[in-house]
Amino acid sequence: MIAKDLHKSFGDFKAVNGVSFSINKGEIFGLLGPNGAGKTTTIRMLSTVLAPDSGQIIIGGHSMKSEAEAIRSIIGVCPQDLALYEDLSAIDNMIFFGRMAGLNSQDARTQAMANLKLMGLEERAKGKVAKFSGGMKRRINLAIALMGNPQLLFLDEPTVGIDPQSRNNIYENILGLQKKGMTVLYTTHYMEEADRICQRVAIMDGGKIIAMDTPYQLKSQLGSPDKVTLEDVFLKLTGRSLRD
Amino acid sequence: MKRALLITLNEIRLFIQDKGDLAFGILLPIVTFALMYGAFGGQTLFTATARVVDEDKGAYSTILINQLDQVQGISIENLTLQEANSKLERSDLTLVLYIPAGFSDTLASGGKAELTFMQRGNGGQDGQILASIIRGVAERMNQQFQVAYQVSNQVTNNLGNNVVSQGRIKAVVAEMLNEENKQPTVAVTEEVTGGSPDFVNQYVPGIVTMYVLFSLTLSARAIVEERKRGTLERLLTTRLSPGELFFGKFLASIGRGFLQTVILMSLAYAVFQVFTPLSFLASIFVILIFAAAASAVGMIIASVARTEDAATWIGVVFTMLMTMLGGTFFAVTKGSVLEIIGRFSLNTYANDAIRTVINSGGSLSGTGRAFIVMGGVIVVGLVVSRLIFRAVPGGK
Ligand SMILES: Nc1ncnc2c1ncn2[C@@H]1O[C@H](COP(=O)(O)OP(=O)(O)O)[C@@H](O)[C@H]1O
Ligand SMILES: [Mg+2]
């Protein structure tokens, strides 16, 4: 995946202001930044929902401008906010989005069961999502993104506001998917999370990428990588003023 | 296209899942129908059961009972004298017709027979109406006897005995009375104001099409609901194209509006007898096309509305305006300004088409213009809604 000099303004406000980065096949890439940094806007542009004002996007060799449909057939998106049908059962949600991703009815059902199992939700397959806990909904939200076996997965803060067990389950699953060859773009503002699973991270603030490297290299710049945390680096780079 | 159908199926599943929505969707037509029935269906005929104690069981008592039975709205229940007495005693009944033994014999021999009303008090209001109906029937029998008797007397007096047989006289008199019955000298016809079938014909189509217009608001909300759930953005990152999304929603909206309206129309069919089987089918076809046109207009609203409230209100205002201009609640005078404005209301065309179909007993001829207008709205609605749809500002 290659993004080159992406710009996006809402009115006069420059939400994304010249972002360039690329992700290698099979890599877990972390996009870090305080609230309002422009992470979600970047993901929406990369996932074909939002047209950039300028800049270039190439995913799997397809250009966004001319081959958005081809791109949509190889990506999976787990949006920051829950995006599912609460009135339907977990399995019906999964099958529906599986079919939207191009699976036939048989494959959609098989994959749905497999992914629910992955998320530890196979027992609740027939349960209405509305009755699920916050952590379970988050896991379903992620499981839906896996339907159709996308080559590139966009995960926008998939672990926000959930219990440590659900969070741990999600980490392990992401690492498991990577082993199967999936490429992942992961946004978060939990630094230890990024340190744990990302090969490379970019730190974003005010619509720009202000640092990009392996977590180890970034920490080395501040001192001994064993003593410094990614959070120290983050605060040093983005400052201590409050964001919202 | 297949994905569009999947969207439709999903929409239907969501509709069924929501028990409240489902109950509302099915109950609404039934409640609407009950209201229609209350407004238009109240003008039924007087109905009553005539209780008869027939101690005679002869030829003439049978004729009397048969003639009573043939009066519209009157049914006969036979009682024994004991039953009648005990029921009257317990106030179960207020009026019984008593035909005494020998009734037929007396009449046959030219004597004067008697009928008795056994009644509690004045027999009650229903009893009095019933009694006067029975009197009418008895009176007619009486006149027939009188005529037959007089004719027989005249013939015998003028021509002497046995020149013309009594049987022949009876037959000729009966035949002439029959002729007279067919074309009575004093005929009574009914001219009804307010409750005539035409009244139902005028308003049933309007209410039915108003009903279809509800689907306009439902389809207006189709995209906004998806947006609010967050599923719209997710859908747009899949292989589903916005065109398929719109078409799927469009089909779901037709289905829902159509289903509800068919429930309503079936009830109207069963009770009001507004339709013949053929005009019922033709009307359903008009409704299907009209539901599609209303849904297509709804999709235009869906493509611009940003909030559920906005979608609902625009939809409701549209529905109200079209319903009023379409002559649902009042007949629009030909050539009036209102009629000209009404030409801009979609359900004017649907109303006209249904009225035409009802009046012609199911023929679609003369509905061409209505179908062209509705078809045009479908095409324009789908194309325009797709063209102006932007999922997110600056988005696709
Ligand atoms: N549709 C929009 N309209 C106007 N402003 C927006 C819109 N989307 C995002 N923004 C603004 O752009 C900035 C970046 O938002 P976002 O990309 O969601 O940040 P992050 O995901 O890093 O928290 C924020 O200040 C946000 O208010
Ligand atoms: Mg965000």
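Residues in region B:184-226 that are modelled with pLDDT of 75 or more, open to solvent by 30 Å² or more (accessible area, probe 1.4 Å) and touching a Lys or Arg at 6+ places or on another chain (Cβ under 8 Å): B:L218 only.
I'd like the full set of residues that are hydrophobic (A, V, I, L, M, F, W, C) and either within 14 Å of another protein chain (Cβ to nearest Cβ) or open to solvent by less than 60 Å² (accessible area, probe 1.4 Å) (or both), limited to region B:21-33.
Here is the first cut: in region B:21-33, the residues hydrophobic (A, V, I, L, M, F, W, C) are B:22-24, B:26-28, B:30-31, B:33.
Within region B:21-33, B:L22, B:A23, B:L28, B:F33 qualify.
Taken across region A:51-68, residues that are within 16 Å of ligand 2 (Cβ to nearest atom) and crowded, with 21+ Cβ neighbours inside 10 Å do not occur at all. Residues in region A:58-108 that are within 16 Å of ligand 1 (Cβ to nearest atom) and free of Cβ contacts under 8 Å to residues at least 60 places away in the same chain: 2 in all.
Test A:T187 against the criterion of being under 26 Å from A:K4 (Cβ atoms), away from ligand 2 (no atom under 16 Å from the Cβ) and hydroxyl-bearing (S, T, Y), and give yes or no. It is false that A:T187 is under 26 Å from A:K4 (Cβ atoms), away from ligand 2 (no atom under 16 Å from the Cβ) and hydroxyl-bearing (S, T, Y).
Take region A:96-117 and flag every residue that is under 21 Å from B:S241 (Cβ atoms) and either facing chain B (nearest Cβ under 7 Å) or crowded, with 24+ Cβ neighbours inside 10 Å (or both). The answer is A:F96, A:F97, A:G98, A:R99, A:M100, A:A101, A:G102.
Restricted to region A:35-48, and to residues that are among the aliphatic types (A, V, I, L, M) and more than 21 Å from A:R196 (Cβ to Cβ), which residue is nearest to the chain's Cα centre (by Cα)? The residue in question is A:L46.
If you go through region A:172-187, how many residues are surrounded by 16 or more Cβ atoms within 10 Å (Cβ to Cβ) and over 16 Å from A:E231 (Cα atoms)? Explain how you work it out, then say what you get.
Of region A:172-187, the ones surrounded by 16 or more Cβ atoms within 10 Å (Cβ to Cβ) are A:173-174, A:177-178, A:182-187.
Those still in the list that are over 16 Å from A:E231 (Cα atoms) too: A:173-174, A:177-178, A:182-186.
Adding up the residues that qualify gives 9.
So, of the residues in region A:80-95 that are under 22 Å from the mean Cα position of the chain (by Cα) and open to solvent by less than 10 Å² (accessible area, probe 1.4 Å), which turns out to be nearest to the other protein chains (Cβ to nearest Cβ)? For region A:80-95, the residue satisfying everything is A:A83. Taking region B:11-24 as the range and being part of a helix (DSSP H, G or I) and either under 24 Å from A:N93 (Cα atoms) or among the polar types (S, T, N, Q) (or both) as the test, the residues that pass are B:E11, B:I12, B:R13, B:L14, B:F15, B:I16, B:Q17, B:K19, B:G20, B:D21, B:L22, B:A23. Six or more apart or on different chains, Cβ under 7 Å: which pairs go from a residue in region B:15-32 that's in contact (Cβ under 8 Å) with a residue 60 or more places away in the chain to one that's among the acidic types (D, E) and open to solvent by 50 Å² or more (accessible area, probe 1.4 Å)? Could you list them? Within 7 Å, the pairs are B:F15/B:D21. Filtering region B:324-354 to residues that are open to solvent by less than 50 Å² (accessible area, probe 1.4 Å) and modelled with pLDDT of 80 or more leaves B:S345, B:L346, B:N347, B:T348, B:Y349, B:A350, B:N351, B:A353, B:I354.
Can you pull out the residues in region A:1-58 that are assigned to a strand (DSSP E or B) and out of contact with any strand residue (DSSP E or B) (no Cβ under 9 Å at 6 or more places or on another chain)? A:F10, A:F13, listed by residue number.
The combined condition, being of a type in the set (G, A, S) and either facing chain B (nearest Cβ under 7 Å) or assigned to a loop (DSSP other than H, G, I, E, B) (or both), is not fulfilled by A:A70.
Residues in region A:1-15: is at least one under 15 Å from the mean Cα position of the chain (by Cα) and free of Cβ contacts under 8 Å to residues at least 60 places away in the same chain?
The answer is no, given that none of the residues of region A:1-15 is under 15 Å from the mean Cα position of the chain (by Cα) and free of Cβ contacts under 8 Å to residues at least 60 places away in the same chain.
Number of residues in region A:109-137 that are touching a residue at least 12 places away in the same chain (Cβ under 8 Å) and in a loop (DSSP other than H, G, I, E, B) equals 7. Out of all the residues in region B:246-261, is one or more hydroxyl-bearing (S, T, Y), at negative phi, in the same structural domain as B:L35 (by TED's automatic domain parsing) and within 20 Å of the chain's Cα centre (by Cα)? Scanning region B:246-261 turns up at least one residue that is hydroxyl-bearing (S, T, Y), at negative phi, in the same structural domain as B:L35 (by TED's automatic domain parsing) and within 20 Å of the chain's Cα centre (by Cα). Screening A:V77 with (1) within 7 Å of chain B (Cβ to nearest Cβ); (2) of a type in the set (V, I, T); (3) out of contact with any Lys or Arg (no Cβ under 7 Å at 6 or more places or on another chain) gives one miss only, at (3). What do you reckon, is A:A202 away from chain B (no Cβ under 14 Å), within 16 Å of ligand 1 (Cβ to nearest atom), touching a residue at least 12 places away in the same chain (Cβ under 8 Å) and in a helix (DSSP H, G or I)? Criteria not met by A:A202.
Could you list, in sequence order, all residues of region A:188-244 that are of a type in the set (S, T, Y) and open to solvent by 20 Å² or more (accessible area, probe 1.4 Å)? Talk me through it step by step, then tell me what you get.
Here is the first cut: in region A:188-244, the residues of a type in the set (S, T, Y) are A:188, A:190, A:214, A:216, A:220, A:224, A:229, A:238, A:241.
Within region A:188-244, A:Y190, A:T214, A:Y216, A:S220, A:S224, A:T229, A:S241 meet the criteria.
Mind listing just one residue for me: the one in region B:1-20 that is within 11 Å of chain A (Cβ to nearest Cβ) and open to solvent by 70 Å² or more (accessible area, probe 1.4 Å) and, of those, nearest to B:I263 (Cα to Cα)? Top of the filtered list is B:I16. With respect to the conditions (1) modelled with pLDDT of 95 or more; (2) not assigned by TED's automatic domain parsing to the domain that holds A:M182, A:L46 falls short on a single one, namely (2). For the structure I just gave you, tell me whether A:G181 is of a type in the set (G, A, S), in a loop (DSSP other than H, G, I, E, B) and at pLDDT 90 or above. When the stated conditions are applied, A:G181 passes them.
Looking only at region B:107-154, residues that are closer than 15 Å to B:S61 by Cβ, open to solvent by 50 Å² or more (accessible area, probe 1.4 Å), in a helix (DSSP H, G or I) and β-branched (V, I, T) come to 0 in all. Selection of region A:16-34 for residues being near ligand 1 (Cβ under 10 Å from one of its atoms), surrounded by fewer than 22 Cβ atoms within 10 Å (Cβ to Cβ) and under 15 Å from the mean Cα position of the chain (by Cα) yields an empty set.
Considering A:V129, A:V77, A:V160, which residue is surrounded by 19 or more Cβ atoms within 10 Å (Cβ to Cβ) and within 16 Å of ligand 2 (Cβ to nearest atom)?
Values: A:V129 fails: within 16 Å of ligand 2 (Cβ to nearest atom); A:V160 fails: surrounded by 19 or more Cβ atoms within 10 Å (Cβ to Cβ).
Only one candidate qualifies: A:V77.
Of the residues that make up region B:374-390, is at least one open to solvent by less than 20 Å² (accessible area, probe 1.4 Å) and modelled with pLDDT under 85?
At the first step, the residues of region B:374-390 found to be open to solvent by less than 20 Å² (accessible area, probe 1.4 Å) are B:374, B:381, B:385, B:389.
Now restrict to residues that are modelled with pLDDT under 85: B:389.
Scanning region B:374-390, I find at least one residue that is open to solvent by less than 20 Å² (accessible area, probe 1.4 Å) and modelled with pLDDT under 85, so the answer is yes.
Conditions (1) aliphatic (A, V, I, L, M); (2) in a helix (DSSP H, G or I); (3) within 14 Å of another protein chain (Cβ to nearest Cβ), marked per residue:
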| site | (1), (2), (3) |
| --- | --- |
| B:E225 | no, yes, yes |
| B:S253 | no, yes, no |
| B:S266 | no, yes, no |
| B:I300 | yes, yes, no |
| B:D309 | no, yes, no |
| B:W313 | no, yes, no |
| B:M322 | yes, yes, no |
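The values are calculated or read from the model by the stated rules, or taken from the named source; none is laboratory data. In this text, all values refer to a predicted model and were calculated from it rather than measured experimentally. Every residue, glycine among them, receives a Cβ derived from its backbone with ideal geometry; neighbour counts consider all protein chains shown. Note: areas computed on protein heavy atoms with side chains; ligands, DNA, RNA excluded. Shrake-Rupley method; radii C 1.70, N 1.55, O 1.52, S 1.80 Å.
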